[in-house]
1. How do the peptides 11-19, 188-196 rank, highest first, by the average count of neighbouring beta carbon atoms within 10 Å per residue?
2. Can you list the HN-Hα couplings for the range 37-43, worked out from phi with the Karplus curve (6.51, -1.76, 1.60; θ = phi - 60°), rounded to whole Hz and with x for Gly and Pro?
3. Once neighbouring chains are kept in place and the probe is 1.4 Å, which whole percent of the accessible area of the chain is contributed by carbon and sulfur?
4. Per residue, how many Å² of accessible area does the range 1-143 show with a 1.4 Å probe?
5. Compute the signed sum of charges (Lys and Arg +1, Asp and Glu -1) over the other residues within less than 12 Å, Cβ to Cβ, of Ala216.
6. Mind scanning Lys158/Lys221; Lys68/Lys97; Lys17/Lys50; Lys17/Lys97; Lys68/Lys221 and naming the pairs with a C-alpha gap bigger than 25 Å?
7. Quick one: putting +1 on the C-beta of Lys and Arg, -1 on the C-beta of Asp and Glu, what dipole do you get for the chain around its Cα centre, in Debye to the nearest 20?
8. Spelling out what I want: for every residue of the range 159-173, take phi, set θ = phi - 60°, compute 6.51 cos²θ - 1.76 cosθ + 1.60 (Karplus), and round to whole Hz; glycine and proline get x.
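The values are calculated or read from the model by the stated rules, or taken from the named source; none is laboratory data. Predicted model only: the values in this text are computed from it and were never measured. FYI the Cβ positions are ideal-geometry reconstructions off the backbone, even for glycines, and counts take in every protein chain you see. For accessibility, only protein heavy atoms count, side chains too; no ligands or nucleic acids. Shrake-Rupley method; radii C 1.70, N 1.55, O 1.52, S 1.80 Å.
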Amino acid sequence: MGSVQGSAWVHTDASLKAVVENAWVVLPASVTSGAVYAGLLKNAPPTRGKAPLVVFVHGSSGVAPAIKTWQQWLADSLGIASLTADSMQLADRMTYKSPVAPEIYEKIHAMRAQELAAAVGAVTALPWADPQRLVIAGTSEGAVAVARYQAASAPQEKGRMIFSWSCEDNYHVQTHRSQLPQTLPVLNIMSSTDMYFSKANPWLDNPDAKGHCAEALAMNKVSSIVLIPGAPHTLFNLPQAQQAQVGFLRGVLALR
């Protein structure tokens, strides 16, 4: 069995504000009138114009170096701004080493949903963000929030990218509860042997699992699933994953 540390899983107003203010953002040169900016949202420089935006939800490891590398790639290669809210701003935040009880995961998932809603809610106030060209994305634990997301108001996302989450019932949720609109473009990228959400995991707790979001996306005719053989759990920087993302993002964001 796994283990749990920390006792807090409900944000205060102050911690939720800090989650967004301390988000890691990368702004393309098109809005900085100079070099790409990579740093905290609260320290972002003055900007000119607007850029398409990806709001990203990190996994259980926080805003890891691989995420910052990926955000830099979005800016450098596609001219896309990105924002990753920092869940670790909550004092004594609950963390875990899998596997733990489903109700523990669900407490975390509820918190991550709060963070995604707060990040999207902040988009219209960002002077450099084009709220009409928004994609939401997440990996692993963070991708659960993306798969379950229901927009309460504007801005409405143009697409979703779900990395390393299979949108299935398993040990990580009580039920997957995915909310993936049938007409919304969705890109799901998975390792074919994901260490947590494929049958390669001995404690997956779902003998019928497919290891990807095909069943949740069965009625969605504008979705794509990419399986990468033997890939690690963190895979969004792999060339195969980047190639799929380029095509997807160019299409949904109408990039030139």
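1. Result, highest mean first: 188-196, 11-19.
2. Going residue by residue, I get 9, 10, x, 6, 4, 5, 9 Hz, with x marking Gly and Pro.
3. Accessible surface attributable to carbon and sulfur in the chain totals 54 percent.
4. Result: 39 Å² of accessible area for each residue.
5. +1
6. As for pairs spanning more than 25 Å Cα to Cα, those are Lys17/Lys97; Lys68/Lys221.
7. Here the size comes out at about 720 debye.
8. x, 9, 10, 10, 9, 6, 9, 9, 6, 10, 5, 6, 4, 7, 9
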